[in-house]
Amino acid sequence: MFSPKRIGVVGAGNMGLQAAMVLADQGFPVYLFDRPGIAAKNLAGAVKNKLGSLTGRQRVTALDMIPGNYLFLGECDWILEAVYEDRKVKDTVNAIIASHLKPGAFVTTNTSGISFNDLAQTIGPEFAKRYALTHFFNPIKVLPLLEVCGADGVDAEAYAEFCEFAEFILGKRVVHVKDTPNFVGNRIGGLSLFLPFHLPTDGLKIPDIEAIMQVMFGWCPFKTWDLVGLDLAKPVGGNVFDRASDDPLHDWWNPAIPQIQVLLDKGIIGRKGKSQSGFLARNGRQKLCYDFTTGEYVPAELTGYAMLATAMSAKSQADKLKLMLTSDSDDPDVRFAKAAFFTMAAYSANMVGKICDEFVDIDACLETGFNWPAGIFRLVQVFGIRETIMGIHTQSLSGMIPDWLTDMGERGNLLYGQSEDAVFSVQVAGMVSKPVIKDGIYPDKLAMDTCNVVARTPDMTTLDISDHDGNVVLAMITTKSNAINTGVLDGLNRAMDTTER
C-alpha cells in the first residue's frame, strides 16, 4: 500500500492549511509551502482556529515557496497542490513540482473548478502518470468525503494504491468521479442549493422552504448557504454554467441570482461575514429571516400550511414523503415539495454515467459531503421507484429519465438490497456487493457491532479488531472531550491485558 513518509502541501490558504493539519494529526510529517511568510503566519493560528492539535502543528514545517526551498519538494512522497483556483497559478506551481519531484512520488490537486486533466496535460504525460484529483470537502476534519479521479494516462496500480491509502489510512469516504464541472458533490449538492431560486415559491417564506426541504431531505438550503457563504454562488454556479452547456438544467446554474445579489450588495455574505447573517439571522435567541419585500430581517415564523405541519410531526421518512408527494392539495407547500423532490430525482438519475458511474456515488456525496441523512436515491426507494417516475412526468421532466431507471421501475427492482452491502449497479445492470466497511478502522461503526465489543463502560469502549495479520484491540475513549480519568486509565490497562492474552 502507498505509505508516504513525508507529505508536501502547496498552498496555505484555508483548504491547504486544513489539509496540512489533518494529515499532521494523523501522524505524517508535513511541509506546508506558500508565498513568503504566509504559511508561517497561517500555521501560527491553526490550533487557535481549531484546525488541529498542538501535537499535529509541531509536525508541520512552514516553508516559503521560493527557489531555495524547492529541494524540499523532492523529499515528499505525496504532494497535495491546494493553491488558489487560477489556471496560470496552478500551471506555474505544477511546473515547479514536476521539476523537483521525487521518483515514485504522487501528486494530487484539490481543484474544484478547473479540469485537472487540462492541468496534467500542460506538464506532460510523465507527470500525468502519477497525477490525480483529490477534492476534499470543507471542513476537512469533519466531512469524510473525498472525491478522486486519476488523470488520463495515470499509472493504474499507483492510483489504486493511493485510493486505498486515502480510504483505509486517512479514513475518507472515497468516491470515484469523472472530470466534469463540479464533479459529483458540488454538481448534485449544488443543484439542491439552487432549487429554491427556480421552483414555484409564491406564498412561501424562507422558513417555509427550509421546513419543506428538512421534511423531504433532512437538510436545509438556506442554512447551508449561510454556512458556506453567499459569495460561493459565483464559483459553484458559474463553473457549470460556463463549462457544461449540455446540462439539462443549464440556465439554473447562472450565478446571477437576484436574491443573493441583493444580500451581497448590502455586504451580507453569511456567517463568515462581519454581520454573521445571511438569509437567516439572530437577535439574541430570536430567529430571524430576511424579507425581500421589506428589505428587513423579520421573525422566522412558518406561514402555517396544514400538510407541512402534519408532515413535520410524522415519525418516519416514508410517511413524510407520502404526505407531501401524494397530497391532492394545491397549497404552495405541496407544490414546492413535489417540484423539489422530483427535480432532484430526475436530475440525479440523468447524471449517472456522466459525472460518475454509479448512483450510489451520488448518494455517498450527498451523505458525506452535504450531510444529508439519506441520499436522493435512498429516498427514491423509500417513496417508490415507479411512484417517483410518475412524479417526474407530472413535473414535465420526462426527458431527464434515463433508460436504466425506467427499466427498474418496470421490473420492480430495488436500488438497495435487503443486506447493507447489496446495491444495484448501473454498469452491471444487477445487484452487486458493495461493502460499507472494507478494512481500516471506523470506530463508530465498529462499536455498533456487538460482536466486536470486548468491554463497554461510560468512559471507554474496547473493541477486538484482530485479523489474519495479528491481534489488535482498539480502545475508544468516550468521556466528554476525551478527558482522561481513572476509568480511562483502568480501561487502557484492561485493553492491554486483553491484547496480550
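The values are calculated or read from the model by the stated rules, or taken from the named source; none is laboratory data. On a predicted model such as this, the values are computed, not experimentally measured, just so you know. No Cβ is skipped: glycine too gets one built from the backbone with ideal geometry, and neighbour counts run over all protein chains shown. Note: areas computed on protein heavy atoms with side chains; ligands, DNA, RNA excluded. Shrake-Rupley method; radii C 1.70, N 1.55, O 1.52, S 1.80 Å.
All conditions in (1) in a helix (DSSP H, G or I); (2) closer than 24 Å to residue 147 by Cβ; (3) modelled with pLDDT under 95 hold for residue 97, with the sole exception of (3).
Identify all residues within the stretch 1-37 that are open to solvent by 50 Å² or more (accessible area, probe 1.4 Å) and not small (Gly, Ala, Ser); write none if there are none.
Step one: filter the stretch 1-37 for residues open to solvent by 50 Å² or more (accessible area, probe 1.4 Å), giving 1, 3, 5-6, 14, 25-26, 35-36.
1, 5, 6, 14, 25, 26, 35, 36, listed by residue number.
When residue 220 is tested against (1) within 16 Å of residue 373 (Cβ to Cβ); (2) in contact with a helix residue (DSSP H, G or I) (Cβ under 7 Å, 6 or more places away or on another chain); (3) in contact (Cβ under 8 Å) with a residue 24 or more places away in the chain; (4) not hydroxyl-bearing (Ser, Thr, Tyr), only condition (3) is not met.
Within the stretch 40-51, is even one residue over 26 Å from the mean Cα position of the chain (by Cα) and either acidic (Asp, Glu) or under 22 Å from residue 138 (Cβ atoms) (or both)? Before you say what the answer is, go through the steps one by one.
Start the filter on the stretch 40-51 by keeping residues that are over 26 Å from the mean Cα position of the chain (by Cα), which leaves 40-41, 44.
Narrowing further to those that are either acidic (Asp, Glu) or under 22 Å from residue 138 (Cβ atoms) (or both): 41, 44.
Yes - at least one qualifying residue is present in the stretch 40-51.
Please work out if residue 202 is assigned to a loop (DSSP other than H, G, I, E, B), within 25 Å of residue 392 (Cα to Cα) and open to solvent by less than 20 Å² (accessible area, probe 1.4 Å).
On the way: assigned to a loop (DSSP other than H, G, I, E, B): yes; within 25 Å of residue 392 (Cα to Cα): yes; open to solvent by less than 20 Å² (accessible area, probe 1.4 Å): no.
No; evaluated as a whole, the condition is false for this residue.
Of all residues in the stretch 45-53, one or more are open to solvent by 40 Å² or more (accessible area, probe 1.4 Å) and at positive phi.
On inspection, residue 339 fails the criterion of being buried (at least 19 other Cβ atoms within 10 Å of the Cβ), more than 27 Å from the chain's Cα centre (by Cα) and assigned to a helix (DSSP H, G or I).
To keep it simple, each residue is scored yes or no on (1) modelled with pLDDT under 95; (2) within 18 Å of the chain's Cα centre (by Cα); (3) in a helix (DSSP H, G or I).
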| residue | (1), (2), (3) |
| --- | --- |
| 208 | no, no, yes |
| 213 | no, no, yes |
| 216 | no, no, yes |
| 227 | yes, yes, yes |
| 231 | yes, no, yes |
| 235 | yes, yes, yes |
| 239 | yes, yes, yes |
| 252 | no, no, yes |
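Quick one: which residue in 108, 92 is part of a helix (DSSP H, G or I) and either buried (at least 16 other Cβ atoms within 10 Å of the Cβ) or not acidic (Asp, Glu) (or both)? Walk me through it before giving the result.
Working: 108 fails: part of a helix (DSSP H, G or I).
Of 108, 92, the one residue that is part of a helix (DSSP H, G or I) and either buried (at least 16 other Cβ atoms within 10 Å of the Cβ) or not acidic (Asp, Glu) (or both) is 92.
Only residues that are free of Cβ contacts under 8 Å to residues at least 12 places away in the same chain and either within 16 Å of residue 12 (Cβ to Cβ) or among the aliphatic types (A, V, I, L, M) (or both): list them for the stretch 63-92, please.
Here is the first cut: in the stretch 63-92, the residues free of Cβ contacts under 8 Å to residues at least 12 places away in the same chain are 67-68, 86, 88-89, 92.
Within the stretch 63-92, 86, 89 meet the criteria.
The rows are residues; the columns are (1) touching a helix residue (DSSP H, G or I) at 6+ places or on another chain (Cβ under 7 Å); (2) hydroxyl-bearing (Ser, Thr, Tyr).
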residue	(1), (2)
238	no, no
264	yes, no
277	no, yes
283	no, no
293	no, yes
312	yes, no
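For the stretch 268-279, indicate whether the set of residues that are among the polar types (S, T, N, Q) and in contact (Cβ under 8 Å) with a residue 40 or more places away in the chain is non-empty.
Checked the stretch 268-279: at least one residue is among the polar types (S, T, N, Q) and in contact (Cβ under 8 Å) with a residue 40 or more places away in the chain.
The C-beta contact set for the stretch 183-209 (first residue within 15 Å of residue 253 (Cβ to Cβ), second residue open to solvent by less than 30 Å² (accessible area, probe 1.4 Å) and polar (S, T, N, Q), distance under 6 angstrom, 6+ apart or interchain) comprises 188/348; 190/182. Looking across the stretch 58-80, the residues that are in contact with an Asp or Glu (Cβ under 9 Å, 6 or more places away or on another chain) and buried (at least 18 other Cβ atoms within 10 Å of the Cβ) come down to 59, 62, 63, 65. The set of residues in the stretch 176-196 being over 19 Å from residue 345 (Cβ atoms) and over 13 Å from the mean Cα position of the chain (by Cα) consists of 178, 179, 180, 181. Go through the residues of the stretch 396-408 one by one and say whether even a single one is open to solvent by less than 60 Å² (accessible area, probe 1.4 Å), modelled with pLDDT of 90 or more and hydroxyl-bearing (Ser, Thr, Tyr). Yes: one or more hits.
Starting from residues that are surrounded by fewer than 22 Cβ atoms within 10 Å (Cβ to Cβ) and touching a helix residue (DSSP H, G or I) at 6+ places or on another chain (Cβ under 9 Å), keep the ones in the stretch 133-148 and report whichever is nearest to residue 21 (Cα to Cα). Don't jump to the end; show me each part of the working.
Filtering the stretch 133-148 down to residues surrounded by fewer than 22 Cβ atoms within 10 Å (Cβ to Cβ) leaves 138-139, 141-144, 148.
Subsequent filtering for residues that are touching a helix residue (DSSP H, G or I) at 6+ places or on another chain (Cβ under 9 Å) retains 138-139, 141, 143-144, 148.
Numbers: 138: 13, 139: 11, 141: 9, 143: 14, 144: 15, 148: 20 Å.
The extreme case among them is 141.
Suppose we filter the stretch 175-199 for residues that are of a type in the set (Phe, Trp, Tyr) and open to solvent by less than 10 Å² (accessible area, probe 1.4 Å); how many remain? Residues in the stretch 175-199 being of a type in the set (Phe, Trp, Tyr) and open to solvent by less than 10 Å² (accessible area, probe 1.4 Å): 2 in total.
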